[in-house]
Structures are given as structure tokens and as C-alpha cells.
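Below is one structure, written out as C-alpha cells, with a few remarks after it.
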Amino acid sequence: MRIGTAEKLRRDLTILFGIAVIYLGVSWFVPNSYYQLILTLVPIWAAFGVSWNILSGYGGQLSFGHASFFGVGGYCTTLALVYWGLTPWLGIPLGVVMGAIAAIIIGTPTFRLRGHYFALAMLAYPLAILYFMEYFGFQEVSLPMHREHPVFYLQFTDPRYYTLVAVFLLVVSVITCSLVENSRFGLALLAIRQNELAAEAAGIDARTWKMRALMVSGMIAAGAGGLYACVQLVVTPDSVFGLLVSAQPVVMTLFGGVASLWGPVIGAAVLVPLSKLLDAYAGDYLRGIQGVVYGAAVIAIILAAPDGLFWTIRDRFFKPRLPAPLPAPSQVANAAVASEVTDAALMIVGDLSKSFGGLRAVSNVSFTINAGEILGIIGPNGAGKTTLFNLLNGVLPADGGTATLAGVSMLGKKVHQVCHMGVGRTFQVVRSFPRLPLIDNVIVGAYGAGLSDQAAADEAIRALHRTGLAAQAGMPAGQLSNKQLRLMELARALAGRPRLLLLDETLAGLGREECDDVLNVLHRLRQEGMTIGIIEHTMHAMLRIADRFVVLDHGAVLASGKPRDVVEDRSVIEAYLGKKWLAKQHA
Amino acid sequence: MDLEALIESVLNALTAGITIGCIYGLMCIGLGLIFGIMKVVNFAQGELLMLGMFASFYLVTGGGVLAFLGPYIGPFVGALLAGPIVFVFGAFLHKFLISRVSGLRTAGSIDDGHFGQLIVTLGISLILQNGGMIVFGTIPVTVRTPLSSSAFLIGPIYGDATIFLNKAKLVACVVAIITALVLYFMLEFTRIGKALRAAADNPTAATYMGIDVDKYYRMAFALGSGITAIAGGLMATYLSFGSFVGFDYVIIMYSGVVLGGIGSIMGAFWGGMTVGMVQQMSTLVLPPQLQNAAIFIVFLLIVMLRPQGLFGRSAERA
Amino acid sequence: MLEVANLSVSYGGLRALTDVSLSVSEGQFVTVVGPNGAGKSTLFKTISGVVRPTEGTITFQGEDLLAMSAAKRAHRGIAHVPEGRQVFKTLTVLENLEMGAYPKAGRLHWSRTLERIHTLFPILAERSRQMAGTLSGGEQQMVAIGRGLACAPKLLMLDEPSMGLAPAVTDTIFERISQIHADGVTILLVEQRVAEALELSDHGYVLETGHVVLQGPYEILLADDRVRKSYLGLTEE
């Protein structure tokens, strides 16, 4: 479990059981069978919403086609009953398994797409399945009634029992979601949603996590679909694969609160009764009012409260809790490594090249970073410094050349694989997860490096102490200052126990004193034996911290060596100030 | 099946494919303007098509304004007039809703505002579809013209094989081509057209030139709405439709635009034409229920295998 | 003509510019130089309207620029040649120039203006019908400058025209800029390449981490070693 979540987990589960008990209690006394139906449908749709929330809310992979799984569950349960006489008590779990399989089949090709392409492709699946279902003659399949042993077949004469089963389904779904949310699974999803690239750079294998999320999501959705079929006693392609079905969880969760445990529940609790009642009272002369209400609700929410009701209410009325005090690191800082710079090369780059079209962005670059040193990579704007880091880190593929870390090649690997090798990277533009506390922003790096929960927690705490951010551990990242954000990126990279840090413009935009603070942190790290490669423009800072410089210009290495020497080097001055300047000075 | 009948089927499917393809092409140009130029994902494009159909319907039938033009010209003028009507509607949509989730306002954000656009246009789509059912009723209608039940006969070619060129579809096809050409000329040769392309190409630089990018985005959206509406009005002459008709065509439109290549407006036309051909040719081999599924499969294939389309410039692949 | 007074700009918690003042008189050639990260581009973007300042004023010929949107400023006679050229890649060279002439002032004597642009940059006449995205970096820079001239501006602003270009090409570009100035256009140039920029100008400002650290006529600046120090980080010594 993530740090500090035990209490939240307990609280959420208590609330969940409380709500369930109250809900069932209330529903027990509702006599009218139409209202009972609504009470049954609310938890079913809410569970569907929870399933969507896992993939699209937490994970940020917007899906417009969750009806695929809902329908798979619905038809599977129904057909199993019709053709095999299989009781839905087993048929629904069977549907759940089918949901997982469907997730794998759908996810494997579709996760290659991003953004709106992903959403549109997901839309296409249930609609295509819908047509296939009509073609195969499954226009309208009724569930056969079993009057002899109704309970055995999940058929109840008393509709209140349906509500009971539905609430049970919802409770299971919410518990699943809660476990996801409070574990590294949830954190990985949130990180991917916020910035997939930074998440990958922190070592998170986005592809795998997204697939897992889709599977969990598909399973819950299929369960909801199966139960829905039992309640309605009939399935048609449109009722379980249709566009409105796909829209349900989207609208509900957006309305109630994306990426929150209670969002889909709130959304379902408000919208389902609203539309059903509207349908009942106004449905005769306003057929379709349900769709209009959903549409209006969705537009209103996305414009006025884009994160949904839950977050808006929570932000307005509930003060953020005081950050819990951070425990001391459970280990003392690792044994002091020799603090002088050694000559042992840790990273060796040879003839590295990269072109974009006709432009040689990186041109036969060769240099080494020695273990325990700080190498400054400088050069005029557009010299190719960030591109170089992107090549080393796995963000871009190199056209040619070599780069090895302790003898092992860094090239041809995906970003998270390079991270696992022991390379930590920060980016020019800081990406944080503003709503999450600082400690969570940092621990992502540890999860990405494959550390166990306990080890990850330890490393994250240590990283915060090393960067001087321990006091802000519980603060939401959105409230941090610029300097603190930069240190956070550094801490996140440190939490993964790297052997080499690649820092891209860590000092950008900092004032004098803030700069000094960060430089002190880097000094300390170097004393502890860390190897650092840093791109910077703030020259006076670099002169104080770097052991050696490598100067890039127009993608090629111009000079390298001790800082004082490099700065006096004629070709370097020329690169920065221009040939004529030099000529003038000597005129 | 004997050879003659086969040839006749194929030729007729081809002809239908070309004529319907041109209309689809026009429809896709509309989305191309919005999706291609403004990079706005518009989920409600099918509903704009639907509005075009109904606008034309109300203009022409019953006590409609154009009744005096008679059933031969009326429907097509109605289709053309549906354009400006939906143009205005689109402008309002953009001004009050779409502009809040697109354009320079969201240009810097992680997904270019696509999440918000998808949701807002989903909401608009739901409202229009269901609201349309309330306002227009549930009984499918059509814009009747005697042309839809008569055809030119070409042939006989090869034995008894004859091509039946449905007159309504033919006229619609011609109108579609002319509209597309007019749009093409406007974009290529007028100052406004060039400014529109400039705003799409590089909004920051366009602002430096003094181009009011917001205004042009609104124009692009309204234009895209109007063009698709005209296509709708043309389709109204040979289809019967209700308020949910749009949703069948959303996937067709996206397929066409993606196939033609994002950013290429005329590419969208060819993309739409191709999709139309595929659809008509599929009637030769697939049963009716699966024809629509075929379009979805085609869409998925395009998006997976060649997202940059035939004429496109950029792709958004993992 | 252009008066910037006490300009301060912050965004995202970064202080990009602090209390910057500069002025450009009619007919002058003013340069702003400074190392990377000094805030030169931010200054440019604030004057053109893409970025809003937190404090300070900008007036152009007496009018308050801050009261106008970015698009409107072009119509007042300020032309921009932005950083990285930013040509319209999918439009032809000629169409790019026509877009430059979008404001009414540009359309007034269009054929004459176009001729002038073609005289300055003959290659643009040659490549009139070519898509701007297929041109080389130097040629694109010429398109961008030509585009700036297309509206017959009163003030031409250039943001780092040498960036990403080979030295030989840069020399040509600077030559042409000098010619444009000689033709009577007022110029504000923001540049990283110090010597070339200062040499062409009447007056220069040196920016470092958002402050003006030095200003004066070019001979004085060229002789001042502090400029070098500010680029190569030895100011603290």
C-alpha cells in the first residue's frame, strides 16, 4: 500500500459499508416495484461507472466504448443460461472472465493509439459487435424463467433481493477500486494520466499498467452487464452494446467526480433516478428526455466543474488535512563513498548521432562521465543538449553510435528500461501531479525502479530528506514553489536508486538564493558518491558545481575539460558570442 | 451467378459508390474543416448532418418556403439552404460551448483540450439526438422527389447488363461536387481562405500577422457545420431519416477524414469517396447487417495501420 | 516610437523579466542581446502581445499597446519576425508573404511592396510557388522577414533570426537586415550573437536573467568586457 493510505482505506471502507447498509435499509421499505427497479439499477450503473473510472478516470485513457464489456457480460450470462442452463450465479463470473479476455483482445491493438484516436477506436468496438449480434440473430434474447427454483437462477419474486445483489456487486467494485487507488497500481495510473513520458522516465511501464487497468475495468463492467441482464430479463444488442450504454459511465463519472472513489456512485445516484423519473412522468410526450438531461448534465459539469461534483464540493467545504509528519528514514545514508572524482568512466558515449530530416541535431558526439563527478553540458541555444539527453534516456532512438553505462548499452531500450538500469532523469519542464501530496509525486520514481512497497517508501523518504523537502512531504504538489518543484523532480529521480542522474536545466528560473540551495543539494549528492550529468545555462552556477564541462554547438562537441579552461577557450567564446566579437577584442 | 449478372452488380455498385461517395466526400470535408483545421474532435458532427436533413425537410415539404420550386429543384435548393442555417447554428455552438474547450485557450495543455472537446460534443450530440426526437418526432421522414424513383439507364453493356443511374443520387452527386469545388476555390484563392489555412497551420504566427485566430476558428467550425449540413440535405433526398441518423455516419466521417489525412481538406473528400465505395461494394458480398460493421472494421484498420492517411502530414501513434 | 517602461513578467512562478525599460526612436536600429535564458524572447513576446506582463507599460506612438490584443497590434504597424521563423509550412512562399500583408496597410501598395521584397530576397521570387515548409532554414528566415515587411511596417521586430542557421547564412541575413534599415525601417532586433548584432545597431541593451545590466551606443558596448562576462558567467568575480 502507498504511504499514508492505511487510514484512508479504513475510512473509505467504513463509509462504504455504512452507505450500503443505509441504502439497503431504505430500499427494504420501498413497496412500489418501479421505484425498486430504480434502486436496483443505481448500484449496477454505479459499478459500471466505477469500472470506467479505473481506466479512464485514474488512468486517463478516455474510452467511449465500455459497452463492449458490459455487453459481453450481459450476453455471456444470458446465453449461458439459455443454451447450457447455467445459473447466473456462475454465469456472471463466467461473464467476468470473458470481460477480461475481451479486454486483452481489444486492448492489445488499441493501446497503440493515443488520445482521441483511442477514444474513437474504443467507440467502434461495441458498435461493430452490435451489428454482428444482429446478424447472428441475437436480436432479442429473453432469459428463461425458472419458477421452480428461482433463487438458484438469480431470479427473485421479491425485487428487493435484486437490489441486495446489486449492492453487493457495487461494494465489491468499490473495494477493488479502493485497493487499486491506494496501491502503486493507482499511483502508476495517475502518473500515466498526468504525463506518460515523465512516468516512463520514472520507470513505469505504461503499456503493462494500462492493460491491467483495462482488464480490471472490463471484468467489473462485464459483471455489471451480467447482473443487468438478470434484472431486465432480456437483452438486445442496443440495450447492452448501444451508444447510450457507452455514454452512461462517462457521463456519470464525469458528473460525480473523475478519479475519485465516490464519483461514479454520486453520479449514478443523481442521474439514474432523475432520468428514469423524467422518463416515467414526461416520457410520453417528451420521449428522449433522458438523453437530453444527460447531455446537458455533461456539458454543465465539464464547463462549470470540470473535475466533477465530488472534487468541487470537497475543495469548497473541506479543508485540506494537515500533512502527517514524515517518519525519519529507516536507514542512515549509505556508506560514504570516496568523495574525490575518480577516473573510472561510468558512462561512455561514442559517436552518437541523430538527425531530423536534414538537420543534424546530434553529430558524432563522444564523451565520458566519470563515476562520482559532476559533468556540465553547456552550449548555445539549439546546440542539441536536450536531444542528447533524450537519446541517452530512451525517449528518442539514436541513428548511430554507442552509449554504455558500466559497460551495458543504453541504446535501443525503452524509457522505463533505461530507468531500471539506474539512470534517473529530470526534464526541462517540471511535471507534477498537483493534487497528490509531494511524497506520492516522489515515490513514483521508486515504484518505477521496481522497488517493493516498503523499500519504495524508505527510498522516497530518504530522497525527501536528501533534497531538504521532508517538511513538505504531505503538501499537494500544486502548492509548491518553483524551487521545491525542481527539487521534487530531483527527489523523484533519486527515489529510484540511480547510479547516474541526468538533470536538464534544473536551475532554470531560480533566483540567486534558490539557486544556491539547489547547488548545495547537488554538492551533498556528489559527496555521497552520485554521478551527475547536468545541462545548464546559468553559467556562474555551473562554474561552481561542475568538475568538467562538455561544450556542444550545432550538435557537435566543441570543447571539453576543466571549466576555467573551457570558458577561456577561443572556440567556445566564438560559439557564444560570435566570430566578430573575438576579432574585435583582438583588433 | 452468371457473368452478366455479376458484371451488372459490380458496375451498379461502382456507380452507386461513386455517386454516394461524392456526397460522403462533401460530408467529410465538413469534418475535415473542423477536425483537420481546428484539431477539434467533434463528436456531434453526425448531428449536424441530421440537422441539415431536417432543415432541408422543413424548408421544402408541407408549407415549406420552397414548395413553390416544385419537387424537382426544391429538394436540392433546400439542401443548399440548409448550409447557411446550420452555419449560423454552428457559429453559436462554437461561440458558447466549443470555444471554451478549444483554440488558443487550450493550446498548451497536455492533450490540446481534446478531453474537454470530446465530452462537450458528446453532450451536444446527446441533446441534439434526443432533443431532435422530441422536436421532430419519431417517425422517419424523407424529402420526396420523383427523381429518386427514376433512373438513367446506361447500356446495355455486355449482354443485358445495364447500369441504373438513380437520378436523385446523380443530381445530389453533382451538387456535392460543385459545392466542394466552390469551397476549394474559396480556400485556395481568397484572402479569407488563405487566412483560414494560415490560422490552422500556425495560430501563433497568424496572430503576429494580425489575424484574429479566434474569429477564424469560429468561421471554420461554422463552415464545417454548414458543409456537412448541405451533404445531409442532399442525402435527405434518397434516405429516410430520424433524429438518430447521424450516429451511423460519425464513424464514416472519421474514417474518411483519417483516411484522407488529417489536415488535408480535399484529402477528406477522397477519403469520404473511398469509404463510400467500400460501403457500396460491400453490398455485393456482405449481408445488410454486416455492411455497417464493415465500416467500423475499415475505420479500425485505417487508424491502426495508416493513421496519417493518404494525403496527411502528421500522425498520432504511440 | 516604442516605449517600454518598468516591464515585469512572470509566468508559472518564474520571474522572466524584472523592471525592464527600453525605447526605440523612429529610424533607429536597437538591439537587445544577452545569454540564453536572459528573457529576450519573453520581452519580444510581451511587446507582440502573446504574453501579458505583471507590471509596466508599453506604448507605441503614444498608444497603449497593453490595451490591444496581439492581433490588433499588427494592424498598428508593428511587424514581427518570430523566433524559429514560424513560417506557414503548408502555404506557398507567395501566400506566406500575402499573409504578411493581411493588415490594410499592407494591401495598400501591395505590388510595390512585393517588388521590394523580391529585390531584397530574390530567391523568394524564384520559389514563389513552393511550399514554405520545404525550404532550407535560411530561406525560411528570408520568408519570415519578407512576411514582416509585407505590411509596410513602421517598426520591424526580429527575434533571434540567426538561431539554428549556419554562420555563413547568418551573415547574409544580417546584411539584408542592415539594408532594410538603410531603406528607412525602424528595427528592434533581439539576438544572441553579440558582435554582429551590436555592430549594425545604433543602440544596444544587454539583458541578463531578466534585468537590463548594460546599455548604450554600440561602440561603448563592444569595447566593454562585461558583455563577455555576462555570457560566460564570470560576472560574480
Global form of the range A:376-454, assessed from the alpha-carbon gyration tensor, a/c cut-off 1.5:
oblate
If you take each beta carbon of peptide C:91-100 and count the beta carbons of other chains within 10 angstrom, what is the mean?
4
If amide H atoms are modeled at 1.01 Å from N in the peptide plane, then the residues at a separation of 5 or more from C:Q130, or on another chain, having amide H under 5 Å from its own are C:V93, C:L94
Cβ neighbours within 10 Å from other chains - mean over B:241-251:
2
Built amide H within the under 5 Å cut-off of A:R114, gap 5+
B:A318
Could you give me D for chain A, from Stokes-Einstein at 25 °C and 0.890 mPa s, where the hydrodynamic radius is the Kirkwood radius over C-alpha pairs? Units µm² s⁻¹, please.
92
Which of rounded, prolate, oblate describes the range A:6-243, given a ≥ b ≥ c as roots of the alpha-carbon gyration tensor eigenvalues and a/c under 1.5 marking rounded, otherwise prolate only if a/b is larger than b/c?
oblate
Counting as exposed only chymotrypsin sites (Phe, Trp or Tyr not before Pro) in DSSP loop states with no more than 12 other Cβ atoms inside 10 Å, the longest exposed-site-free span of chain A is A:319-587
Would you list which aspartates and glutamates come within 17 Å of B:K215, measuring only between C-alpha atoms, while excluding same-chain residues fewer than 8 positions from it?
B:D201
Provide, as a two-decimal number, the C-alpha radius of gyration of chain B over 2.2 N^0.38 Å, N being how many residues it has.
1.00
Distance in nm between pseudo-label sites at A:N32 and A:E148 (7 Å out along the Cβ direction from Cα)
3.8
Count of Lys pairs (Cα-Cα under 16 Å; at least 8 positions apart or interchain) in chain C
4
Evaluate the distance, in nm, between pseudo-label points positioned 7 Å from the Cα of A:R114 and of B:S9 along their respective Cα→Cβ axes.
4.5
Rounded if a/c is under 1.5, else prolate if a/b beats b/c, else oblate: with a ≥ b ≥ c from the C-alpha gyration tensor eigenvalues square-rooted, which is the protein assembly as shown?
oblate
Sequence-distant or interchain residues sharing an amide H contact under 5 Å with C:T186, placed H: which?
C:G27, C:L156
Averaged over peptide A:303-309, how many Cβ atoms belonging to another chain are found within 10 Å of each residue's Cβ?
2
Could you state, as a whole-number percent, how many of the C-alpha pairs of chain C are farther apart than 23 Å?
47
Please count, across chain A, the pairs of lysine residues with Cα atoms under 22 Å apart that sit 8 or more places apart or on different chains.
10
Taking B:K194 as the anchor, which aspartates and glutamates have their alpha carbon closer than 18 Å to its alpha carbon, excluding any fewer than eight residues away along the same chain?
B:D212, B:D214, C:E95, C:E98
Between C:Q61, C:Q28, C:Q141, which gets the highest mean-square fluctuation from a Gaussian network model of chain C, Cα cutoff 10 Å?
C:Q61
By how many degrees, between 0 and 90 and to the nearest 10, does the Cα long axis of helix C:137-149 differ from the longest principal axis of chain C?
90
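Every number in this text was worked out from the coordinates using simple rules, so none of it is lab data. Just so you know, these numbers come straight off a predicted model, no measurement behind them. Because the Cβ atoms are built from the backbone with ideal geometry, glycine has one as well, and the counts that use them run over all protein chains shown.
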